[in-house]
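Asker: Starting off with a structure, shown below.
The values are calculated or read from the model by the stated rules, or taken from the named source; none is laboratory data. Every value quoted in this text rests on a predicted model; they were computed, and no experiment measured them. Here the Cβ positions follow ideal geometry from the backbone for every residue, glycine too, while neighbour counts run over all protein chains shown.
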Amino acid sequence: MKILSFSHFIHEGFESIFKNKSMAFASIATTTVCIFMLGIAFLTMENIEYNVENIETGINITAFLDENMIEEEIDQLKGIILKSPQIESIDYVSKDEAMKRFIGDENLPNDPELLNDLKEDNPLRASFEIKLRNNKDEQVVIELLSKIKQIVKINTPKEAMQLLINLKNFIQATSAVIIIILVVVGVILIGNTIQLTVHIRKNEIRIMKYIGATDWFVRWPFVIEGLFIGFLGTLIPLITLFFTYNFFVNIFKQALSINEESLISFMPVLEIYQSLVPAALILGLGMGIVGSLIIIRKHLRV
Amino acid sequence: MKILSFSHFIHEGFESIFKNKSMAFASIATTTVCIFMLGIAFLTMENIEYNVENIETGINITAFLDENMIEEEIDQLKGIILKSPQIESIDYVSKDEAMKRFIGDENLPNDPELLNDLKEDNPLRASFEIKLRNNKDEQVVIELLSKIKQIVKINTPKEAMQLLINLKNFIQATSAVIIIILVVVGVILIGNTIQLTVHIRKNEIRIMKYIGATDWFVRWPFVIEGLFIGFLGTLIPLITLFFTYNFFVNIFKQALSINEESLISFMPVLEIYQSLVPAALILGLGMGIVGSLIIIRKHLRV
Amino acid sequence: MIILDNVTKIYENSAVGVKNINLKIKEGEFVFIVGNTGSGKSTILRLLLKEIEPSNGTIIIGDKDITKMSKESIPYFRRELGVVFQDFKLFENKTVFENVAFAMKVIEESPRNIRRTVPNVLSTMGLENKARCYPKQLSGGEKQRTAIGRAILNNPSILLADEPTGNLDPKTSWDIMKVLEEINKNGTTVIVVTHNQEIVNSMQKRVIQLKDAKIIRDVVKGGYEE
Amino acid sequence: MIILDNVTKIYENSAVGVKNINLKIKEGEFVFIVGNTGSGKSTILRLLLKEIEPSNGTIIIGDKDITKMSKESIPYFRRELGVVFQDFKLFENKTVFENVAFAMKVIEESPRNIRRTVPNVLSTMGLENKARCYPKQLSGGEKQRTAIGRAILNNPSILLADEPTGNLDPKTSWDIMKVLEEINKNGTTVIVVTHNQEIVNSMQKRVIQLKDAKIIRDVVKGGYEE
Ligand SMILES: Nc1ncnc2c1ncn2[C@@H]1O[C@H](COP(=O)(O)OP(=O)(O)OP(=O)(O)O)[C@@H](O)[C@H]1O
Ligand SMILES: Nc1ncnc2c1ncn2[C@@H]1O[C@H](COP(=O)(O)OP(=O)(O)OP(=O)(O)O)[C@@H](O)[C@H]1O
Ligand SMILES: [Mg+2]
Ligand SMILES: [Mg+2]
């Protein structure tokens, strides 16, 4: 390919956009819309995943220890349990700490007499609070713990917590499915639009071939056009989302009365964009170019 | 319009679909995809809303009562509070019941001695468990309750529960936004496709006008074509979703290990379809017809 | 009666289509419009069809000023015209039969009438064997004859034919001119744009010659002159 | 050297394009192809351009059997040809200048060369004033001259012209034929399909006459006969 032709291709590619405004508009709009939806799904999913991690951090298994254990034994046992790969960390809660927490429990009325009684003759057990790396390993860990003699009782997360986790898994799975669907949808819709725009210009392609153009001479302007349209159609939604993200986050925060102390928090947009931008570019640009090339093929056979 | 012409319009409309297969395919595919996404969003949202209702039922405010109240006073107070329109129901939990629950609390080790002590000199307070009609009224109700002298302490839902609610609100709001976006997207994409297909046929429209066709003579076949394409493009995703719904519900149930006892349950598809089908038809058919009519307009001015 | 009163057409790119044209064509006349390429012949036909609007002047057809016609009555006005376009303007997605028949469908004729009339016109045009072909399966002359067939189908009161024999061999051209003469005898005003010297010379009809957007000659029984 | 050896073309709808054509055209020859509408003239040109494939027979151009040509070499083969299509085949989205210039862009000529050559060709065709018009802003004859300009631009070794004067007045037609003769004198093989009796008769070149898909006459210095 000569340099001469290259400048011709660029010129042709851009001119074609300006001379076929309605086609270019349709293609850009379609790409924009697809990437926009993908972006929203992506931002939503990333935030949910982020919060799932936050919340899962709060979930742990409590293993109550035999009353007769001495501190050394406890340390030793802790070391042993920690070797399990499913476990992230273990917090030891002594009898005293347990009582402090118990008193702090708002369900108990502030009856100083009773509390004193309780403190003196502490009936509560010391325990390990065990954090899992992955919530799915719960059953495995419980099984493991129940084999240890010194552990007399195991408490697992409450149903509400479990529900929360299930729900979040559900949302995560749904989001993943939605993103896959959106990508497929994007491929179909962008492909469709390219098909129609190429259809409109099939005569043009034929004429070029009849007067001696090589296949690549025909293709290059389409590639450049696809590149530009794909680029615009990716850039518009990415920039829009970038600048409206905080706005929408604030709306949500207000709507849900989420404040600083709340467990729900939002990821910074820049962090999400590290994975969204390449994904969007592949879909937008890739489709634009590969799509045109595939669809032009059948018209080149003349 | 003569009957003669009507059969002509139907014939033309259908013939045009078969003679412009790639255009018809593009339009049907675009509509299918849009309605499909809308359908998924709708099914998801409806199910979440359904479950939100289920779960919110479990959330209530606990109001602890002055120790010196006698049962009559309690009944009276209960009656007064129940008058508040925000409150759905009130459960009275006596001191004894409270203790029973306390003992049942698994966080306490089974120390029979202590438990006996506690039972004899019951330090726990009697309380009202108050269910709200709408979770948003929480603050109002708390304010109301705190004005009542006999209520010494108010417990609001735990953070995890609150989080759950917030999260669900969040999902609901997001779903609503997603559905609005999808409708807008559908309008843009279907409109785009119609624009391109009409663009391909603008010569045809011109020629018709030049040989004396009235505007409606030109429009009718497009209307019928739009009707048919919109109908197919709505029917395909609706039927697909209808028959795959249970399949996907089962996948989700398995993935999240949801069993019969779980709080999460799924709506029957028929119930959801009562609102989805009309919405989809309006979008699919309406767009197909109105879209073509609007876009044809500019080509009719010859 | 067709009257062009001081009609000027300047196109958007300021190309001059026709300039200060004054012209009267009586009902039932047979008129040739000749002239150099680009002299404004097609422009006149397009003005008569209301495909384009004059920049200036009045055009009266029958008793109506078509420059002031309401949007709604344009289709009905056009049905009185039969037009052979220089570029044929056939429906790419319709067969020869359907292309011709469409002119009858537009005026909501019964399918029975259509099935009876169209084959006659196709055989007049020598297209019996091509009835089921699409335009892209036709030779240049076959397309042209399809376009003529569609134009004459409804016995229009005015027939505008732009270069109707440009893609036809001399013999077929003569056949077509015979058909146009026949239609003219039945009362249709016929306006033919042509470059065919031989035909103009031998038919001795009214000849209007254009040059550079103006009428430079208008003779009642004339020939083709450069 | 162009050789058609027993070439038959049956179209998909089983219409006969040409049947058992045997033909030899030497380098530098000037040939008229005449014949009734639908007799297969355009089919022969389309076969030579490899726009369509013969159902049977061999076509040799230069020293290559074009029916056995590899896909990759088709563009390079076509660059040796200049073609005027019966329906012009102009780029709707390009101006007259760009339409003509495209033939040079395809062979990757420098913009300088293009800017020098194209205006010459446009003025040969009398299109100086229309250089910046789009096809839909042209009269029929102007479109045709644009198509001719594009075909002759690269001094092709073979020029195929399908009805190049169908939309032109006699004077302009003669001018165009002079141009083709000029090109022919410089060594280009020229094959012209035409219905223009007068031109064929006065130029006294080789005439090949088709009828019903077959060659019925092939004379070295002939005229147009029915
Ligand atoms: N749509 C248009 N926009 C701009 N200029 C136009 C348009 N149509 C025609 N013209 C110009 O108007 C002039 C007259 O055109 P017209 O088509 O009437 O010529 P004509 O006499 O029919 O020529 P021909 O015999 O070549 O068909 C020409 O110079 C042409 O370039
Ligand atoms: N693509 C096609 N598909 C089917 N039949 C075709 C096709 N092209 C041409 N034909 C038929 O082949 C025959 C020869 O066509 P061709 O175009 O070669 O005629 P021609 O001699 O150029 O006629 P004209 O002078 O009218 O242009 C005609 O009967 C025509 O209908
Ligand atoms: Mg003209
Ligand atoms: Mg031909």
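Asker: Which of (1) on the phi < 0 side of the Ramachandran plot; (2) modelled with pLDDT under 95 is the odd one out, the single condition C:SER14 does not satisfy?
Answerer: (1)
Asker: Still on this structure, please answer the following. Given the conditions (1) in a loop (DSSP other than H, G, I, E, B); (2) within 11 Å of ligand 1 (Cβ to nearest atom); (3) more than 17 Å from the chain's Cα centre (by Cα); (4) not hydroxyl-bearing (Ser, Thr, Tyr), report the number of the one that C:LYS9 does not fulfil.
Answerer: Just one mismatch for C:LYS9, condition (1).
Asker: Does D:ASN167 satisfy being buried (at least 20 other Cβ atoms within 10 Å of the Cβ), touching a helix residue (DSSP H, G or I) at 6+ places or on another chain (Cβ under 6 Å) and either outside the structural domain of D:ILE114 (by TED's automatic domain parsing) or under 17 Å from C:GLN197 (Cα atoms) (or both)?
Answerer: Criteria met by D:ASN167.
Asker: Does C:ARG150 satisfy the condition of being more than 23 Å from D:ILE199 (Cα to Cα), surrounded by fewer than 18 Cβ atoms within 10 Å (Cβ to Cβ) and away from ligand 4 (no atom under 16 Å from the Cβ)?
Answerer: It is false that C:ARG150 is more than 23 Å from D:ILE199 (Cα to Cα), surrounded by fewer than 18 Cβ atoms within 10 Å (Cβ to Cβ) and away from ligand 4 (no atom under 16 Å from the Cβ).
Asker: For B:PHE252, indicate whether it is buried (at least 16 other Cβ atoms within 10 Å of the Cβ) and free of Cβ contacts under 8 Å to residues at least 40 places away in the same chain.
Answerer: Judged against the criteria, B:PHE252 is a match.
Asker: May I pose another question? Among the listed residues D:ASN154, D:ASN167, identify the single one that is under 19 Å from the mean Cα position of the chain (by Cα), in a loop (DSSP other than H, G, I, E, B), within 16 Å of ligand 2 (Cβ to nearest atom) and not basic (Lys, Arg).
Answerer: D:ASN167
Asker: C:GLY40 - would you say it is modelled with pLDDT of 95 or more, crowded, with 20+ Cβ neighbours inside 10 Å, among the small types (Gly, Ala, Ser) and more than 16 Å from ligand 2 (Cβ to nearest atom)?
Answerer: Answer is yes for this residue.
Asker: Still on this structure, I have one more. Got at least one residue in segment D:64-72 being away from ligand 2 (no atom under 16 Å from the Cβ), modelled with pLDDT of 95 or more and in a loop (DSSP other than H, G, I, E, B)?
Answerer: No: zero hits.
Asker: Let me ask you something else. Are there any pairs, at least 6 apart or on different chains, whose C-beta atoms fall under 8 Å, with the first in segment A:222-246 and surrounded by fewer than 16 Cβ atoms within 10 Å (Cβ to Cβ) and the second in a helix (DSSP H, G or I) and among the aliphatic types (A, V, I, L, M), and if so, which?
Answerer: Filtered contacts from segment A:222-246: A:ASN246/A:VAL269.
Asker: Another one. Being under 24 Å from D:LEU47 (Cα atoms) and within 16 Å of ligand 2 (Cβ to nearest atom) is the requirement here; does D:LYS89 meet it?
Answerer: It is true that D:LYS89 is under 24 Å from D:LEU47 (Cα atoms) and within 16 Å of ligand 2 (Cβ to nearest atom).
Asker: So in segment A:71-88, with the set limited to residues that are touching a helix residue (DSSP H, G or I) at 6+ places or on another chain (Cβ under 8 Å) and not in a loop (DSSP other than H, G, I, E, B), which one is nearest to A:LYS149 (Cα to Cα)?
Answerer: A:ILE81
Asker: I'd like to check something: does segment C:49-71 contain any residue that is in contact with a strand residue (DSSP E or B) (Cβ under 8 Å, 6 or more places away or on another chain), within 14 Å of ligand 3 (Cβ to nearest atom) and in contact (Cβ under 8 Å) with a residue 40 or more places away in the chain?
Answerer: Within segment C:49-71, one or more residues are in contact with a strand residue (DSSP E or B) (Cβ under 8 Å, 6 or more places away or on another chain), within 14 Å of ligand 3 (Cβ to nearest atom) and in contact (Cβ under 8 Å) with a residue 40 or more places away in the chain.
Asker: Checking C:SER139 against (1) surrounded by fewer than 19 Cβ atoms within 10 Å (Cβ to Cβ); (2) of a type in the set (Ser, Thr, Tyr); (3) within 11 Å of ligand 2 (Cβ to nearest atom), only one condition comes out false. Which one?
Answerer: Going through (1) surrounded by fewer than 19 Cβ atoms within 10 Å (Cβ to Cβ); (2) of a type in the set (Ser, Thr, Tyr); (3) within 11 Å of ligand 2 (Cβ to nearest atom) one by one, C:SER139 breaks only (1).
Asker: Of all residues in segment D:78-119 being within 8 Å of chain A (Cβ to nearest Cβ) and in a helix (DSSP H, G or I), which is surrounded by the most Cβ atoms within 10 Å (Cβ to Cβ)?
Answerer: Among those that are within 8 Å of chain A (Cβ to nearest Cβ) and in a helix (DSSP H, G or I), it is D:ALA103.
Asker: Would you mind finding the one in C:VAL100, C:VAL84 that is touching a helix residue (DSSP H, G or I) at 6+ places or on another chain (Cβ under 7 Å), more than 16 Å from ligand 3 (Cβ to nearest atom) and either at pLDDT 95 or above or farther than 17 Å from C:VAL179 by Cβ (or both)?
Answerer: C:VAL100
Asker: Now for a different question. Could you check how many residues of segment C:154-172 are within 14 Å of chain D (Cβ to nearest Cβ) and either within 24 Å of C:GLU27 (Cα to Cα) or more than 16 Å from ligand 4 (Cβ to nearest atom) (or both)?
Answerer: Going through segment C:154-172 one residue at a time, the tally reaches 5.
Asker: Okay, moving on. Run down D:ASN13, D:ASN56 and say which single residue is within 14 Å of chain C (Cβ to nearest Cβ), surrounded by fewer than 21 Cβ atoms within 10 Å (Cβ to Cβ) and within 16 Å of ligand 2 (Cβ to nearest atom).
Answerer: None of the other options fit; the residue is D:ASN13.
Asker: What pairs come up if the first residue lies in segment D:25-43 and is closer than 20 Å to D:PRO156 by Cβ, the second is within 16 Å of ligand 1 (Cβ to nearest atom), and their beta carbons are under 8 Å apart, counting only those six or more places apart or on different chains?
Answerer: D:SER42/C:GLY140; D:SER42/D:GLN86
Asker: Suppose the filter is within 13 Å of chain C (Cβ to nearest Cβ), within 16 Å of ligand 3 (Cβ to nearest atom) and outside any helix (DSSP H, G or I); does D:GLY126 pass it?
Answerer: Yes.
Asker: Now for a separate question. Before we move on, is B:LEU232 within 18 Å of A:VAL185 (Cβ to Cβ) and more than 10 Å from every other protein chain (Cβ to nearest Cβ)?
Answerer: yes
One line per residue, one yes/no per condition, for (1) assigned by TED's automatic domain parsing to the domain that holds C:GLU98; (2) in contact with a Pro (Cβ under 9 Å, 6 or more places away or on another chain):
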residue	(1), (2)
C:LEU127	yes, no
C:GLN137	yes, no
C:ILE148	yes, yes
C:LYS171	no, no
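Asker: From the list C:GLU92, C:GLU128, C:GLU98, C:GLU108, exactly one residue is on the phi > 0 side of the Ramachandran plot and acidic (Asp, Glu). Which is it?
Answerer: C:GLU108
Asker: Within 16 Å of ligand 4 (Cβ to nearest atom), within 14 Å of chain D (Cβ to nearest Cβ) and in contact with a Lys or Arg (Cβ under 9 Å, 6 or more places away or on another chain): does that describe C:PHE32?
Answerer: Spelling it out, it is not the case that C:PHE32 is within 16 Å of ligand 4 (Cβ to nearest atom), within 14 Å of chain D (Cβ to nearest Cβ) and in contact with a Lys or Arg (Cβ under 9 Å, 6 or more places away or on another chain).
For every residue, the table says whether it meets (1) away from ligand 3 (no atom under 16 Å from the Cβ); (2) in contact with a strand residue (DSSP E or B) (Cβ under 9 Å, 6 or more places away or on another chain).
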residue	(1), (2)
D:LYS136	no, no
D:THR146	no, no
D:PRO156	yes, yes
D:ASN167	no, no
D:MET177	yes, yes
D:GLU181	yes, yes
D:ASN184	yes, yes
D:GLY187	yes, no
D:VAL190	yes, yes
